[in-house]
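What follows is one structure encoded as structure tokens, with my remarks underneath.
The values are calculated or read from the model by the stated rules, or taken from the named source; none is laboratory data. Values in this document were obtained by computation on a predicted structure and should not be read as measured data. Positions of Cβ are generated from backbone atoms using ideal geometry, with glycine treated the same way; all protein chains shown enter the neighbour counts. For the accessible areas, the whole protein counts, side chains as well, though only heavy atoms, and no ligand, DNA or RNA atoms are used. Shrake-Rupley method; radii C 1.70, N 1.55, O 1.52, S 1.80 Å.
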Amino acid sequence: MKLGIGLPNTMAHEIDRKLMLDWARLADQAGFDVLGTIDKPNFDSWDPLVTLAGVALVTERARLATSILVLPPRHEVLVAKQAAVVDQLSGGRLVLGLAQGGREDDFELFDVAEDFARRSSKFERQVNHIREVWRKSRESDHDRGVVGPPPVQDPGPPIWSGALSEKAIERAARVADGFIFGTTGAEFMKQTTPKVREAFAAQGKHEIEVAGLAYVAVGDDAQAALEEGAHHVVRYYGELWTEPENLIHHGAATKIAEEVQAYAGSGIDTLILFAEIPRLDQVEQLAEHVLPAYR
């Protein structure tokens, strides 16, 4: 299993340019495989693709992933263009993680509230359109420009799709190159990953990457770390579906390292740890005590 780390783009009230860029540099230099962003349009979070465009310029090796970006409220041609630019700026390191979204207010924000009920079918059409934009963008030449630019990766950046229901997993298998779980926990990932791989295999996709997310809060005082991390998670979601201690791996980095082992046995290929305390010591502790086993 490869290990990635999330960027603090959802903690906008606590971050600034320096923290974001230092976080990305440190994670890249430490050897994390991927740097991820989370998306909630109707919130004060930094835009996922714009954030990745910025960190692309201060990193060299880590993949840059939207993990995920809510697609149906947005215009897919603009997403295709922005993604191609990030792929260019990063030298071909973008992974475009997409989902259909589940919050009506995100659709209302973009004045497409009527699309919420039909977001599943729209999502599938949009992903196919993004691929078409990337394909046609390569028709540009010295004398004629078309919608683009083309991405570095050919035919385009890998697309991950996130989903939970059986129908949504089947949809992901039709349109995506890989799959990403939210913060569902290692046991759910272990139970569901075989179904995901079977669905993709039924579409002729046998070598896919399955990724997952996990929230962490690192600190020698486990309760204090949990409380600080929970504050940011609750601020993001509004309310939680479980107790914070069930959602956030918290405590000393050595304890978190032990808990990450469960994900290594879940069958996923990549785990992205989202530290919910906006301080660089989170990256440092994870790099020192958790990353070495998965570098």
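At-a-glance table
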quantity: Inter-centroid distance (Cα atoms) of region 19-42 relative to region 219-289, Å; calculated: 15
quantity: Globularity index of region 84-124, i.e. its alpha-carbon radius of gyration over 2.2 N^0.38 Å; calculated: 1.54
quantity: Zero-based 10 Å bins, Cα pair distances in region 227-295, whole percents; calculated: 18, 49, 31, 2
quantity: P(r) weight above 17 Å for region 147-295, C-alpha pairs, percent; calculated: 65
quantity: J(HN,Hα) series, region 130-137, from Karplus relation 6.51 cos²θ - 1.76 cosθ + 1.60, nearest Hz, glycine and proline x; calculated: 4, 4, 5, 4, 4, 5, 6, 4
quantity: Within straight-line cross-link reach of residue 195, aspartates and glutamates at Cα separation under 19 Å, skipping those fewer than 8 residues along the same chain; calculated: 166, 170, 177, 187, 207, 209, 269
quantity: Quotient of C-alpha Rg and 2.2 N^0.38 Å, computed over region 161-209; calculated: 1.01
quantity: Sequence of 17, 103 when ordered by accessible area, the most exposed leading, probe 1.4 angstrom; calculated: 17, 103
quantity: Protection-proxy order for peptides 118-130, 199-211, each taking the mean of Cβ atoms within 10 Å per residue, highest first; calculated: 118-130, 199-211
quantity: Diffusion constant of region 57-151 at 10 °C, which comes from Stokes-Einstein with the Kirkwood Cα-pair radius and 1.306 mPa s, µm²/s; calculated: 111
quantity: Too-long pairs where the Cα-Cα distance tops 29 Å, listed order kept, from 2/136; 18/190; 18/205; 2/40; calculated: 2/136; 18/190; 18/205
